[in-house]
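Worksheet: the structure to be examined is printed underneath.
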Amino acid sequence: MTGYFVQAFIYLIAAVIAVPLAKKFGLGSVLGYLIAGVIIGPVTGLVGKETVTIQHFAEFGVVMMLFLVGLELEPKMLWQMRHRLLGLGGLQVALTTGLITIIAMVFGQPWQTALAIGLIFSLSSTAIVLQTFNEKGLSKTQGGQNAFSVLLMQDIAVIPMLAFIPMLALPEIADAAASLKEASEHHQELSLVSGLPSWAYALAILASIVGVIVTGHYLSRPLFHYVASSHLREIFVATALMLVVGIAALMSLVGLSPALGTFLAGVVLANSEFKHELESNIEPFKGLLLGLFFITVGAGINFSIFADNLVVILGLTLLVMLSKAAILWLLAMIFKINNSDRWLFALSLAQAGEFGFVLLSFTMAQHVIAPDVAAILQLVVALSMFLTPVLFIAFDKIILPRYRDAINQMEFDDIDDCGTVIIAGAGRFGQIVNRLLVANGIKTVMLDHEATQIENMRRIEIKSYFGDATRPDLLHTAGIDDALMFVVAIDNIDNSVALTHHIKKSHPKLTVLSRSFDKGHSYALRQAGADFTINETYHSALELGAEVMRKAGLHPFFVEHKKTLFAQVEQDASDDLYQKWSNSEEEQYGSDYQKLFIRLEQAIKSAMGRDRLDKHSASERGWTPPPKGYDKKL
Amino acid sequence: MSQSKILVLFAHPSLHRSEANAPIFQQACEFDFVTAVDLYAEYPRLNIDIDREQQRLLAHDIVIFQFPIYWYSTPAILKEWQDLVLEYGFAYGQDGNQLKGKTFLCAVTAGGSVEAYRQGGHNNFTVRELFRPLEQTAIMTGMHYLPPLTLFGSRTATDENRLPLHLQHWTTTLDMLHEGQIDIQRADSFITLNDYLTDKTMGIEKYHSKEVGPDNLEQEDNR
């Protein structure tokens, strides 16, 4: 037991030290984990052979990652992107695989191994690239968006690759089903299908896939709903884990890739109201396991191999990156990605990716690539990833200045480009805000912590998600980092103030608009940093008052004018009142505040009354006729 | 020579559909001696702040209304602005001389062609004639009136690539007003300010070669 604690501590402390440092130097978290692994593995020798066992366990992080990738992929969005995905992404994967395969064959690898290497190097690093795009604000550029399509296609392509690679292990490739089956026998301890004839095997596979889809579509909702109504956070986490682990288990039992199963489940659940809650619950597990995975990769790096093959590894890395960049450049030309965007597209995706590690350990286990070759290739993958930040720096310092003028001319933003508005609280207030925004084509994400409320909204086809908006991790998955604005419309006074405070602290640039219940609440929100507050009853009360005045026989236009004036005087005084309120620490509604409030009432009264004295009054100032007989003096 | 400050009061109720006025306004925003105000943005409910608008008038020497012509006149908010801001005792009447000596210009876009805006054309009158109420308002408040800077056929100006020339006229106008180099008396004989600018003897060519002193051209409005 003590041994486990010590080991866990070594892994954790390495990550805790290395990852933030790597991020600080612009290397990204994946490289941070790799460096941490290198330090505790080959450099200091703190960890040893157990890394291989841990790596198999950590591979589950990849399964979770694909579940999350699936969750982000609404079928509708996939359909809209189909040309870019299949055209650009598909061609990138196919051409790069082809070119690298040929290169590998030139180096004397058998074609099966060469093809596996081609597949491995056709992938780029989603983790590094997307993170760097976000950090450098390149996500919305043409190059960035096209790179995203390619990365997405690559992430999807991993799934068939995982299914396909075992077939390369066999010298004679018979029918797919049989080899798949044998491959599964090869590395699974437990299998439901080992003794079945191939038709029954195919049926079992079909049944489990249909099972995942049907379960995800019809059974998950009542299940999550039931769990959510218990209001126990950890049970929801347990349910989310149970879902992912369960699907992975089922897929393994029938000899399919667990990653494929969870990816499917993710896509099925992408439209669910529990999407963001699921994401925020799985995300930390995925992050930690993936991190652990990269640490074990780093720890497994053999420096003697690196030293012995220094020239080969450096040469191969450059060759791979040049080949990838050349194909990306060619595709960018065909797909009319121009100027600096073409450079960005070609340079950003020129590295190999984290899936390269996954596929490498997988191909080794499947005896597709010999261990000594794999060890060298692993170093090539890692080195190409290490070089990526250098390429981004080159893009910033060399490429971009050359195209600066062209970029400046294109800076008119489309409405499409504006981010989403997050609305916390789907009650009577949040709903109206949401309806107005959605009707005007502004994207919104509405969150509420009452599952029944969300169900009611969904029934009338208003998109909203289950989740407690006061939790930072949920806000993260709901997209607060790219959000345009944040509307606080939750009905708990203390929570709304705390939420406003938290958002302004973690995202100071984000505009926060909060609903208040009364004056005191609006002051508290203002103190918490809200950019705009509005009293939920103020304007309706004014409208009702105005209606009374109209019913009493006053002219509607006159009434409108008085109402505006009332609101104006109140607005002008509210700053004073707030200052008094926030300065008096003990007694916030003390005598000073009361005096000020009475003065405000008098100001309103005098503003309203002035025109009765038939002077140039504030309220009746507009459209006052000149004095009688004025034209004689002109 | 004193350099004049310019106030551009812009009124366009559906800016998102604008092809001509939006770039014209945008260009005005570029000058540091121009205060460009989008009236519909500032007063979406037409609740014009009289004090603020009068302060603005006092702080500038040249007042420009920029708008697309709506029924031979300004969009509603500019009429509202006149009704509210040009108060008795401020702009006219007893002690109402705060605008005296300033210069007033309309920078407009017209849907119809220049042929339409003349006797016998669709619109029967020139823009100069149609804007008589504004001209008289300027006279009444003691301001020098300039004929309107007009982009005719504005609906097709972008398609026919006529906008760049108009934008050039617009910046020249702003520059010349700022430098006090528009001959107000001479300009008065033209139907549009564009005619004055492109006139061989006065205007663009002359602007860059020779400086025209405005001091001796001061005109007094006697009513």
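No value in this document is a laboratory result; all are computed from the given coordinates. No experiment lies behind these values; they were computed from the predicted model shown. Glycine gets a Cβ as well: all are built from the backbone with ideal geometry, and neighbour counts include every protein chain shown.
Worth pointing out:
- Relative contact order of chain B, defined on C-alpha pairs under 8 angstrom at six or more residues apart (%): 21
- The amide H of A:ASP468, built 1.01 Å from its N in the peptide plane, has no neighbour under 5 Å, considering only residues 5 or more places off or on other chains.
- For the protein assembly as shown, the equivalent ellipsoid built from the Cα gyration tensor has semi-axes of 67, 36, 24 Å, listed from largest to smallest.
- Degrees between helix A:126-136 axis and first principal axis of chain A (Cα, 0 to 90, nearest 10): 30
- For A:LEU256, distant residues with modelled amide H under 5 Å away: none
- Computed from the Cα positions only, the extents of the stretch B:6-217 along the three principal axes stand at 44, 42, 37 Å, in decreasing order.
- For the stretch B:20-93, dividing the convex hull volume of the Cα atoms by the residue count gives 107 Å³ per residue.
- Theoretical FRET efficiency, 1/(1+(r/R0)^6), r = Cβ-Cβ of B:ARG45 and A:MET77, R0 56 Å, to 0.05: 0.90
- Taken over the stretch A:11-404, the alpha-carbon convex hull comes to 150 cubic angstrom per residue.
- C-alpha center-to-center spacing [the stretch A:34-76, the stretch A:1-21] in angstrom: 14
- Residue-averaged 222 nm ellipticity for the protein assembly as shown, from DSSP H runs of 4+ at -39500 (n - 2.57), nearest 500: -18500 deg cm²/dmol
- Simple spin-label estimate for A:ALA394 and A:ASN271 in nanometres, 7 Å along Cα-Cβ: 4.5
- Exposed chymotrypsin sites (Phe, Trp or Tyr not before Pro) absent - longest run of chain A, DSSP non-H/G/I/E/B, at most 15 other C-beta within 10 Å: A:108-411
- Rounded to the nearest 10 degrees, the inclination of helix A:142-169 to the longest alpha-carbon principal axis of chain A is 30 degrees.
- Hydrodynamic radius by Kirkwood, which averages 1/r over all alpha carbon pairs of the stretch A:1-97, in angstrom: 16.5
- Our summary gives chain A a relative contact order of 15 percent, counting only alpha carbon pairs under 8 angstrom and 6 or more residues apart.
- Links that overshoot a 27 Å alpha carbon limit, given the list A:LYS23/A:LYS286; A:LYS463/A:LYS563; A:LYS23/A:LYS397: A:LYS463/A:LYS563
- For the stretch A:416-503, averaging the sequence separation of C-alpha pairs within contact (under 8 Å, six or more residues apart) and dividing by the residue count gives a relative contact order of 38 percent.
- Here the stretch A:413-536 has an Rg and Dmax of 13.5, 39 Å, counting Cα atoms alone.
- Relative to the longest principal axis of the Cα atoms of chain A, helix A:556-583 runs at roughly 70 degrees.
- Span from the the stretch B:9-52 Cα centroid across to the the stretch B:115-129 one, whole angstrom: 27
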